[in-house]
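Asks: Dumping the structure here so I can ask a few things about it.
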Amino acid sequence: MSGSTLILIAVAGIFTLLFLVMRTKLHAFVSLLLVSLIVGVAAGMPLGDVIASVQNGMGGTLGFVAVANLIGAELGWVILFGILAGIPSMILAGPIFGKYIAKKIHVNIPDYMEFEEVDTSKELPSFKMILSLISIPLVLILANTLSAVLLEEGNVIRTFFTFMGHPFVALTIATLLTFIFLGTRRGYTRDEVQEIATKALEPAGIIILVTGAGGVFKQVLIDSGVGDVLGEMMAGSPLPAIVLAFLIATVVRVAQGSATVSMVTAAGLITPLLELQNITGAALGLIVIAIASGATVLSHVNDSGFWLVNRYFGLDVKDTLKSWTVMETIIGLTGFAVVFLISLFII
């Protein structure tokens, strides 16, 4: 492709970006991501290279879900094992434990809660539509992972799903469809949709900062040589890598409270061992769920979520420990038990 053609593509991309932001009122973040993908494809880049460029531009740590990317796990495996671990966790911690603890704790509705009449003038979206919008990115990401396992490299179908099933592309598609079906088609103006999108991005700021710092932490461990020492020390442990990952996340979680910090820290510490033991593929997805499980258990007084539940429902500390802390621990332990059993056949 000639230089002049590439320049024209770049100019067209800029005008497209301006049109999306100024005319259609599409959120700037989504517009930039969408135009980046379009320009890459229009310039003749292989689909895999387009994804790599977007990921490098976003930053390695922020490419995928932070922990999955820190240890190099495919997001499709993480989703698959997350579903397998999540279903029994939901059953045990939800209806079974909930039915039991409801007989032990009685709390009145807090005085500050006011129940207003629900506005029924605007019909709510159907369950089918909501489920479809949530399922679209999950199906695309899983298709990407499965095609990489079942089809040879260079296969047209695999190449297609590698592009469409990358988290950037899959989530962008789902976001755009959400803007349309839950936004403009339901009577919201473009300005209102943009305002909603902006509010939704605000809480992500602190998560991005923490996960970015986690990437720096991991890289410093590797570049300084500390990672090699840690890897060799943990390699000498009789415990499997998946158990060590769970325990590290649990210790950090109990010590400082934040699930995000504990997950990122555990991922940074366990990475050298994973490289040393050459743990790859589906096994990394199990490690991610093990870390997430460890970062869930034993939520107590140093966790902001603990106090959120405590204040919102008007519970005292004792009842919050008996309900919230135990529920979180059941979720974490059940999730870990599931992935540990699966790991016996994979790792």
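The values are calculated or read from the model by the stated rules, or taken from the named source; none is laboratory data. Keep in mind it's a predicted model, so treat the numbers as computed, not measured. All Cβ positions, even for glycine, are placed from backbone atoms using ideal geometry, and neighbour counts span all protein chains on display.
Asks: For the subset of the range 171-188 comprising residues that are without any contact (Cβ under 8 Å) to a residue 40 or more places away in the chain and assigned to a helix (DSSP H, G or I), which member is surrounded by the most Cβ atoms within 10 Å (Cβ to Cβ)?
Replies: Only one residue tops the list, namely Gly183.
Asks: I would also like to ask the following. Look at the range 297-347 and say how many of its residues are buried (at least 19 other Cβ atoms within 10 Å of the Cβ) and among the charged types (D, E, K, R).
Replies: The qualifying residues number 2.
Asks: Going residue by residue through the range 41-55, is there one that turns out to be in a loop (DSSP other than H, G, I, E, B), at pLDDT below 70 and closer than 22 Å to Phe160 by Cα?
Replies: For the range 41-55, residues in a loop (DSSP other than H, G, I, E, B), at pLDDT below 70 and closer than 22 Å to Phe160 by Cα: absent.
Asks: Follow-up question, since we're still on this one. Can you pull out the residues in the range 147-180 that are aromatic (Phe, Trp, Tyr) and touching a helix residue (DSSP H, G or I) at 6+ places or on another chain (Cβ under 6 Å)?
Replies: Residues satisfying the conditions are Phe161, Phe163, Phe168, Phe179.
Asks: Restricting the first residue to the range 152-170 and requiring it to be part of a loop (DSSP other than H, G, I, E, B), which pairs with a second residue that is crowded, with 23+ Cβ neighbours inside 10 Å and not aromatic (Phe, Trp, Tyr) meet a Cβ separation below 6 Å and a spacing of at least six or different chains?
Replies: Gly165/Ile141; Gly165/Asn144
Asks: Restricting to the range 154-170, and then to whatever is surrounded by 16 or more Cβ atoms within 10 Å (Cβ to Cβ) and among the β-branched types (Val, Ile, Thr), can you tell me which residue is farthest from Met45 (Cα to Cα)?
Replies: Looking at residues that are surrounded by 16 or more Cβ atoms within 10 Å (Cβ to Cβ) and among the β-branched types (Val, Ile, Thr), I get Val169.
Asks: Now for a different question. Collect the residues in the range 61-89 that are among the aliphatic types (A, V, I, L, M), in a loop (DSSP other than H, G, I, E, B) and modelled with pLDDT of 80 or more, keeping them in residue-number order.
Replies: Of everything in the range 61-89, just one residue is among the aliphatic types (A, V, I, L, M), in a loop (DSSP other than H, G, I, E, B) and modelled with pLDDT of 80 or more, namely Ala73.
Asks: Name the residue that is nearest to Leu344 (Cα to Cα), counting only residues in the range 269-322 that are in contact (Cβ under 8 Å) with a residue 60 or more places away in the chain and among the small types (Gly, Ala, Ser).
Replies: Ala283
Asks: Another question, then. Just give me the residues in the range 1-40 being outside any helix (DSSP H, G or I) and either at pLDDT 80 or above or surrounded by 13 or more Cβ atoms within 10 Å (Cβ to Cβ) (or both), in sequence order.
Replies: Passing the criteria: Thr24, Lys25, Leu26, His27.
Asks: Now a separate question. Mind checking which residues of the range 253-293 are among the small types (Gly, Ala, Ser) and outside any helix (DSSP H, G or I)?
Replies: Gly257, Ser258, Gly281
Asks: Gly314: at positive phi and either outside the structural domain of Leu146 (by TED's automatic domain parsing) or not hydrophobic (A, V, I, L, M, F, W, C) (or both), yes or no?
Replies: Against the criterion (at positive phi and either outside the structural domain of Leu146 (by TED's automatic domain parsing) or not hydrophobic (A, V, I, L, M, F, W, C) (or both)), Gly314 qualifies.
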